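Structure first, commentary second.
The values are calculated or read from the model by the stated rules, or taken from the named source; none is laboratory data. Since the model is a prediction, treat every value here as computed from it, not as a measurement. Reconstructed Cβ throughout: ideal geometry from the backbone, glycine too, with neighbour counts over all protein chains shown. Just the protein is used for accessible areas: all its heavy atoms, side chains included, with ligands, DNA and RNA removed. Shrake-Rupley method; radii C 1.70, N 1.55, O 1.52, S 1.80 Å.
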Amino acid sequence: MQALPLAGAGAVLLVKSLRDGQAQRRRLESLMDEYRQLFNTPTDRLLALRDALVQQLEAGLAGQPGGLMALPSYVDVLPSGRERGDCYAIDLGGTNLRVAHVKLGEQRGATEATHIREWEIPEEHFDTDRGSLLRFVAQCTAEVIREHSGAAGGGGPAGAKPVVGFCFSFPVDQTALDNGKVLVWTKNFRGSYLIGQDVVAALRSELAAAGVDAEVPAVMNDTVATLVALRYSEPDTQLGIILGTGTNCAYLERAEAIGKLPAGYRGRTPAMVVNSEWGDFRSPLLPTCQEDLWIDCSSPHPGNGLFEKQISGLYLGEVARRILLRLAEKEGLFGGTLGLLSRHFVLTTADMAACDQDDTPDLHAVAGVLERVLEIRKTSLQQRRLVQEVCQLVCLRSARLCAAAITGVLQRVGHPCGSCSAGGGGSGSGAPAPPVAIAVDGSVFEKYARFRERLRAALEDVCGKAAADSIRLQLAKDGSVLGAAYLGVAAAQFEGNGGTA
Ligand code: BGC
């Protein structure tokens, strides 16, 4: 007799839980739809972003407020490929410090030997007030110089001082090739150390303290070094881009268009490489979601680098993690389990790429990342599909934004790809666009194949297939160290400073 009411209550509960489950799935889908629309940024919006970036770049060149930093590099003649000799190169700016010894070969543009050493930067140095970043850099550099010269302070022709090209991947204010006041720290570096001071003078004195008397004739951004590195062998290279921990672009500008250069500036040629610092591009049109706002306000540099935070390797995994956390917390994606999803930066961009690129029928790699990284086990195929889609969307947004920015800089240099309207029309002449090479370095570009595919597809959306085919995105592997070495040698062989041969 009592069984019936209980069975009745059970049935009611069952129906209710089915309804709740359906409602939750609907909410999950509608939230996913919002991300799909936002992250698959429509082409018209990319075109508007492209034009806004050009405006900010131009304001920056003129030194107007609201512009990008657009920093003159004082690289006004690129190395010719005929430089000879050996040089050391320091590459500081990512997770690792790299110091190289490079011997330039007899053939034009050839390197005879490149020996690169790498150190993980100890955590304390990221907080520059706490650590002693340049002391660490100088000690590592001294080790490499000793290895190659047999004695501290040696190297190169007998008696000559070793030459060090310094690739320093943060915004600096230069008045010549061999100086640069640090403007801000970016990425994970923070603190007030060196802000407003000349980073080259500081490096020289730390090298001296480490027992090395070296010449440091050139300091440059990694984008500048990357442009130089490829241009050495590919003369139609116009842009150097980094898509790694951070992102940025340098390009060749007409010196007369750089309004912020000191009055009376006379370069060796009419051109100069400009470091755009495009990571700071900002626009209400950016496809920003609430996760971006959280990432920004909990970062060491809130309000800065907003574009970089939607694009580069330091953040992509974190954007994906936060979206998954929202889906799990609010819409029960994993049936109430959160695993380690609440832990900041636990999901790296490499993990995200592994999920994105998993082609196995049961999404084996996605399951692996969920278990190993997030401690979420026994997931269904449906859940894994959703995780994969989130990763794909985060990558898609980054690639599409990057395409908008690239075409913006191409517009600035007068390449027809930069003035297309949606689908490729608009450049006017109908003539085929001249080929342009873009040197790209950084782990996102190098190691994330689907990112490269999406970037190429987005360029076709923005400029049309024919025009996009004129853009050659070329990996400039080790561009930062090689470019630093080429510029170092060129600058040391040049009389005076402020430019290179
Ligand atoms: C820095 C740039 C640098 C880029 C890539 C950004 O955070 O501001 O100077 O080129 O990262 O390393």
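Out of the range 81-105, which residues are surrounded by 21 or more Cβ atoms within 10 Å (Cβ to Cβ) and not in a strand (DSSP E or B)? Let's see the steps before the verdict.
Looking only at the range 81-105, we keep the residues that are surrounded by 21 or more Cβ atoms within 10 Å (Cβ to Cβ), and these are 83, 86-94, 97-102, 104.
Once the filter is applied, which keeps residues that are surrounded by 21 or more Cβ atoms within 10 Å (Cβ to Cβ) and not in a strand (DSSP E or B), the range 81-105 yields E83, G93, G94.
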Practice task
Using the structure shown, decide if E331 is of a type outside the set (G, A, S), over 18 Å from the mean Cα position of the chain (by Cα) and at pLDDT below 95.
Solution key: yes
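Could you check the range 295-321 and list, in sequence order, the residues that are farther than 27 Å from L57 by Cβ and open to solvent by less than 30 Å² (accessible area, probe 1.4 Å)? Step through it out loud before you land on a result.
Looking only at the range 295-321, we keep the residues that are farther than 27 Å from L57 by Cβ, and these are 298, 317-318, 320-321.
Hits for the range 295-321 are G317, E318, A320, R321.
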Fill in the blank from the handout: The correct count of residues that are more than 16 Å from the ligand (Cβ to nearest atom) and assigned to a loop (DSSP other than H, G, I, E, B) in the range 280-313 is 8
Completion exercise
Per the filter on the range 248-280, residues in contact with a Lys or Arg (Cβ under 7 Å, 6 or more places away or on another chain) and farther than 28 Å from F445 by Cβ are P270
Practice task
Identify all residues within the range 262-279 that are within 9 Å of the ligand (Cβ to nearest atom) and either touching a His at 6+ places or on another chain (Cβ under 6 Å) or open to solvent by 40 Å² or more (accessible area, probe 1.4 Å) (or both); write none if there are none.
Solution key: none
Handout entry: Exclusive hit being at pLDDT below 90, surrounded by fewer than 17 Cβ atoms within 10 Å (Cβ to Cβ) and not in a helix (DSSP H, G or I), set R108, R19, R25
Key = R108
Problem - The listed residue being more than 15 Å from A492 (Cβ to Cβ), in contact (Cβ under 8 Å) with a residue 60 or more places away in the chain and open to solvent by 10 Å² or more (accessible area, probe 1.4 Å), out of S192, S205 - result: S192
Exercise for the section: Look at the range 208-237 and say how many of its residues are among the charged types (D, E, K, R) and buried (at least 22 other Cβ atoms within 10 Å of the Cβ). Expected result: 2
Completion exercise
Exactly one of L78, L68 is crowded, with 21+ Cβ neighbours inside 10 Å, over 18 Å from V219 (Cα atoms) and either within 16 Å of the ligand (Cβ to nearest atom) or within 26 Å of the chain's Cα centre (by Cα) (or both), and that residue is L68
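Output the residues belonging to the range 325-365 that are hydrophobic (A, V, I, L, M, F, W, C), touching a residue at least 60 places away in the same chain (Cβ under 8 Å) and either assigned to a loop (DSSP other than H, G, I, E, B) or in contact with a helix residue (DSSP H, G or I) (Cβ under 6 Å, 6 or more places away or on another chain) (or both). Walk me through how you get there before you give the answer.
At the first step, the residues of the range 325-365 found to be hydrophobic (A, V, I, L, M, F, W, C) are 325, 327-328, 333-334, 338, 340-341, 345-347, 350, 352-355, 363, 365.
Within this subset, residues satisfying the condition of being touching a residue at least 60 places away in the same chain (Cβ under 8 Å) are 327, 333, 350, 353.
Passing the criteria: only L333.
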Problem - helices (runs of 4 or more DSSP H) contained in the range 431-501 and holding at least 2 residues modelled with pLDDT of 90 or more, within 16 Å of the ligand (Cβ to nearest atom) and in contact with a strand residue (DSSP E or B) (Cβ under 9 Å, 6 or more places away or on another chain) - result: 443-447, 479-493
